[in-house]
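Q: Sending over a structure as structure tokens; questions will come in a sec.
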Amino acid sequence: MAFEKIDSTAKELVYTVQDYFLFSLRAVLNLFSRPVYWADMIIQSDIIGVGSATIVIFAGFFTGGVLAVQSAATLAAFGATAVTGRFVAMSMIRELGAVLTGIMVSGRNASSMASELGSMVVTEQIDAMRALGVDPIRKLVTPRIFACVTMLFFLTIVSDFCGILGGAAVTVFMNHQNGTQYFSMAYEFLQFPDILQGLVKPLLFGFLIASIGCFYGMRTTGGTQGVGRSTIQAVVWASVMIIFSDLLVSIVMVSIFSR
Amino acid sequence: MSEWPASVVDSAVPGATPAVVQFRDVVVSFEGPPVLRGVSFSVGPRETRILLGPAGVGKSVLLKATNGLICPEAGSIFLFGEDIARMKEGSLFALRARTGMVFQEGALFDSLSVRDNVAYQLIQERVPDDEIDHRVQEALKFVGLEHTFSLFPGSLSGGMRRRVAIARALIRNPELLLYDSPTGGLDPVTSTTIIELIVKQRDFYKTPSILVTHRLQDAFTMVTHRYDAEKDAMVPLPGGETDANTTFLMLNEGKLIFDGNIDQLVDSQDPFVKEFLE
């Protein structure tokens, strides 16, 4: 009995992963054949990019501030408070900017994608779209993936910038250190691999957020309860996959650049 | 209309016209027992097939299989002469665009206005705005809802939503119409309005169609009435006549248990048909 349960769960997991890869592949390949719904891509970019800007700005600013508060206390023990700027900038650009932005956008947008598409599935709007001769993956999924990948890239840059500013605010106004020193330390020690690492991650995270959100939305079953289930699964899996892929990218990047 | 392969023409009938839709031993199953078991029937040009049966016997599944929204496990489904049973999703869109489908609850896009819902296909085809507005007004006039042009589906009643769905299905002059319980859950007056529209469409445009319903009253109204263009209303056929092009199918537990006209339906000795009619 237990073996049967394990067997069926394993099979279901394999099928889900297989479905997800095929679904994502189809959505990406749609970018290279007509019609491409550019107007939908712009609308989605506005919803995802502009819509998430406020939370990303605040989250980035406060995270940078927290980093400065925590690091200053520890660095003071070694008489190294001068490197607070370096610490904050490195942490934000290499790691936290991308991951926090990814998690914030995932909470806001993976959930909205899953619930919006899920509602369309249970009210037969997706079937209606197919019956009208329009490919729902091309019309609904591809624009969301494109928009999420491009917007997360820019949102991460905004988050990094705000994080460094937040760190500066704490360093200058609370720790009473020199602002010029903070910014010069933040800038001087940054190298190409750090920037590259910080900007490769949002591309991957953006893809994961949109593809997972849309995937769970499009396979919704079971009415309004099913929509709720899909939304939860989308946010949970998108968040987990962001952190998991962050680990993988970090390992690869560090091994390539030894930094 | 495109030329169809000889396989879809009924070879037993000399000079027979090709079927618009043909099911051959179609089996559809999801998880569990089959929903459709060896279903075979055809829909000819100008023919209206009314699919009867109680809830949960696979009527909607059959309708969705007709334009490839659901893939059969076995058997063949010919739509406009092409076997769609094993056709890829990408190839099906062009065929589906030639059909019109009215869903059970209308399935209108709730974030779009009535105008954009009705014009959905035209917008995707980048038809100029002026032409879209003109054709949407025409389609809405057909269903008597010109005043809803700029409203959103959320502000429409159930009956109005179905009528907008009919306008959306008609706007591109489809070669086949599929109605999935268009009167389900509506009050008798609104149901009659919807059936009147379907009869008007049948007699005015003569588009072949499949109509799914479990309401015998709607089915009998369709077969005993015609559209009078002068009165712009549905009127009974004279002398107890019935519409020869409107025939019946009945499903029970996934099997097609009846295929014939109104007289054959009424005279049927099948216990399930008799019970259903009673």
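Bear in mind that the values in this text are calculations on the coordinates, not laboratory data. Everything numeric here is computed off the predicted structure, so don't read it as measured data. Positions of Cβ are generated from backbone atoms using ideal geometry, with glycine treated the same way; all protein chains shown enter the neighbour counts.
Q: Express as a percent, rounded to the nearest 5, the fraction of DSSP beta bridges in the protein assembly as shown (both residues included) that run antiparallel.
A: 55 percent
Q: How charged is the neighbourhood of B:V27? Take every other residue with its Cβ under 12 Å from the Cβ of B:V27, and add Lys/Arg as +1 and Asp/Glu as -1.
A: Residues near B:V27 contribute +1 overall.
Q: At 222 nm, what value in deg cm²/dmol follows for chain B if DSSP H runs of at least 4 each add -39500 (n - 2.57) and the sum is divided by all its residues, to the nearest 500?
A: Here the helix-only value at 222 nm equals -9500 deg cm²/dmol.
Q: Charges at C-beta only: +1 for Lys and Arg, -1 for Asp and Glu. How large is the resulting dipole of the range A:36-257 about its Cα centre, in Debye rounded to 20?
A: 200 debye
Q: Cα centroid distance between the range B:32-62 and the range A:62-108, in Å?
A: Between the Cα centre of the range B:32-62 and that of the range A:62-108, the gap is 64 Å.
Q: Using only DSSP helix segments of four residues or longer, with each worth -39500 (n - 2.57), what per-residue ellipticity at 222 nm results for chain A after dividing by its residue count and rounding to 500?
A: -26000 deg cm²/dmol
Q: Figure the gain on full extension for A:F32 and A:D19 (residue separation times 0.36 nm, minus the Cα-Cα span) and round it to one decimal in nm.
A: 2.6 nm is the gain from fully extending A:F32 to A:D19.
Q: What ranking do A:I145, A:I157, B:I198 get, fewest neighbouring Cβ atoms within 10 angstrom at the top?
A: A:I157, B:I198, A:I145
Q: Which residue, A:L132, A:L96, A:L165, has the most motion in a Gaussian network model of chain A that connects Cα atoms within less than 10 Å?
A: Among A:L132, A:L96, A:L165, the largest GNM mean-square fluctuation belongs to A:L132.
Q: In nm, what is the difference between 0.36 nm times the number of residues separating B:L216 and B:M87 and their Cα-Cα distance?
A: Gain on stretching B:L216 to B:M87: 43.0 nm.
Q: Within the range B:129-278, what percent of beta bridges assigned by DSSP are antiparallel, to the nearest 5?
A: The antiparallel fraction comes to roughly 70 percent.
Q: Okay, moving on. Using label points projected 7 Å from each Cα along Cα→Cβ, tell me how many nm separate B:Q264 and A:R229, to one decimal.
A: Each label point is offset 7 Å from its Cα along the Cβ direction, giving 4.3 nm.
Q: Taking a 18 Å limit on the Cα-Cα distance, which of the listed pairs B:K200/B:K231; B:K141/B:K231; B:K64/B:K88; B:K64/B:K206; B:K206/B:K255 fall beyond it?
A: B:K64/B:K206; B:K206/B:K255
Q: Among B:L211, B:L237, B:L63, determine the one that fluctuates most according to a GNM of chain B built with springs between C-alpha atoms less than 10 Å apart.
A: Of the options given, B:L237 has the highest mean-square fluctuation.
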